[in-house]
Amino acid sequence: MSLRKQYLSHSYPTLGQAGFTLVEIMVGLTIGMLATVVIMQVFSVFESQKRTTTGSNDAQTNTSIALYNIGRELQNAGYPLMPSENSPLECTTRTYDTTGIGDIFPVTITEGVAVAGVSSASDSITIRYGDTQMGGIPNEIKGVNLPSANDVQVDRNFGCRSVGEIALIVNGTTCAMTAVTAIPAPVPPAFEVITLNDTTAAAITNGAELACVGAWNEVTYAVNNGNLERDGTPSIAGIVNLQAQYGISATQNSNRIVQWVDATGAWAAPSVANRNRIKAVRVAVVGRSDQKAATDVTTACSSITGAAPTGLCAWD
C-alpha cells in the first residue's frame, strides 16, 4: 500500500490600502492656507467698507439732525418783533428788569477762539424769540401807575393773556422788557389794565407801545467735547465743529444779501444800524463718526486761505 500526502491550497484576496501620502497632505494644507488667506482678505475689505459706510451714515445723520434743530429755532428768531414804524429793532437804549431777561437781538454769533492745534475754532449761536400765540400786537399806553403802582393802562389789551408773560415796551428808540405780574379787570369805560413787574424804565411812559411776547427764549448752540450742546446740555453726539456767518444787505431797508461776514471786527458787537442789515444766517456743522478709520481718509489741508487748497479744508 502506498501512501500519498495531499495538500489543500487556498488563496485569499489582497486587501486595498487606504490613506494619504505625505505629498497629498502637504498639497491639501497649502490649498487650505491659500483659501484661508483669501477669505480673510475678503472679510477685511468687506469689514473696512462696512465701517466706512456705517461711520459715514452715522456722521451724516448726526449732522442732518443738528442742522435741522438749529434751523428750526433760527426760523423763530426775532418773533414777534415787528419791523413797524415804532419797532424794537430800532432801539438804541434797552432796559431789562431783574426777571432774567436777556437781549432782544434775534441772533447773535460768537466767533470761536482759536486754540493751539485747531485752525478754526467752533462758533456759537444764540437765538432769541417769543412764543406768544397773539402775534405781539402792540397796545398804546394811556397811563402809568394807574390805578395803582406798577399798573399801566392801555387802550385795548389785544395780546397780554397770562401772568408771567414778557412785556416789551417801545418808545421811539428806547426799549424796556419786564414781566406781567397781573391782568386786572378792565377799568370802565375804555381802558384795560396790565400790572408789570417794574415800571421805572424810561421807555414806560404815556404814548409808548406795549406788546406781550409770551415767554422770551434765549437758546445757545455750541460744540463741546464732540457734542452739539443746547444751553450747555449735550443734544447731538459726534459734532466736532460749528461755523456761522451773517448775511448782510447793503442797507437796512433791503433784503438782498450782498456779503457774508464772520462775527469779527464791527460784526462782533454790531451797532443797531448794522444789526438791521443782517438778513440771514448760514450755518455749517462738521460731524465725525466714533468708528476710527483703518487708514487716513484725507490728506492734510495745505492752506485755509489759498485759492485752490489741497486736502480737506473746511473753511476759507
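Tabulated values for the structure
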{"quantity": "Nearest-ten-degree value, helix 22-74 long axis tilted from longest Cα axis of the chain", "calculated": "10 degrees"}
{"quantity": "Mean projected area (nm²) of the alpha-carbon convex hull when the range 25-97 is viewed from all directions", "calculated": "9.3 nm²"}
{"quantity": "Per-residue [θ]222 nm for the chain (sum of -39500 (n - 2.57) over DSSP H runs n ≥ 4, rounded to 500)", "calculated": "-6500 deg cm²/dmol"}
{"quantity": "The range 197-256: C-alpha gyration tensor shape, a/c 1.5 cut-off, then a/b vs b/c", "calculated": "oblate"}
{"quantity": "The range 216-309: trypsin sites (Lys or Arg not before Pro) in DSSP coil with no more than 12 other Cβ atoms inside 10 Å", "calculated": "R256, K292"}
{"quantity": "Loop-resident sites, the range 102-210, for trypsin sites (Lys or Arg not before Pro), counting at most 15 other Cβ within 10 Å (DSSP)", "calculated": "R156, R161"}
{"quantity": "Vicinal HN-Hα couplings computed from phi for the range 247-264 (Karplus, 6.51 cos²θ - 1.76 cosθ + 1.60; Hz; Gly/Pro x)", "calculated": "x, 10, 9, 6, 9, 5, 8, 9, 9, 8, 6, 10, 6, 10, 10, 7, 7, 10"}
{"quantity": "Residues whose placed amide H lies under 5 Å from that of V281, excluding near-sequence neighbours", "calculated": "G247"}
{"quantity": "Accessible-area value, S302, 1.4 Å probe, nucleic acids and ligands omitted, Å²", "calculated": "80 Å²"}
{"quantity": "Förster radius 41 Å - calculated FRET efficiency between V163 and T110, Cβ distance, rounded to 0.05", "calculated": "0.75"}
{"quantity": "By accessible area with a 1.4 Å probe, ligands and nucleic acids excluded, highest first: order of M134, M40", "calculated": "M40, M134"}
{"quantity": "Length gained when the stretch A182-A202 is fully extended (0.36 nm per residue, less Cα-Cα span)", "calculated": "5.1 nm"}
{"quantity": "Calculated FRET value between T98 and R156, using beta carbons and R₀ = 41 Å, to 0.05", "calculated": "0.90"}
{"quantity": "Cα-based convex hull, the chain, per residue volume (Å³, whole number)", "calculated": "277 Å³"}
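The values are calculated or read from the model by the stated rules, or taken from the named source; none is laboratory data. The model shown is predicted, which means the values in this text are computed figures rather than measured ones. Reconstructed Cβ throughout: ideal geometry from the backbone, glycine too, with neighbour counts over all protein chains shown. Side chains are part of the model used for accessible areas, which takes the heavy atoms of the whole protein and leaves out ligands, DNA and RNA. Shrake-Rupley method; radii C 1.70, N 1.55, O 1.52, S 1.80 Å.
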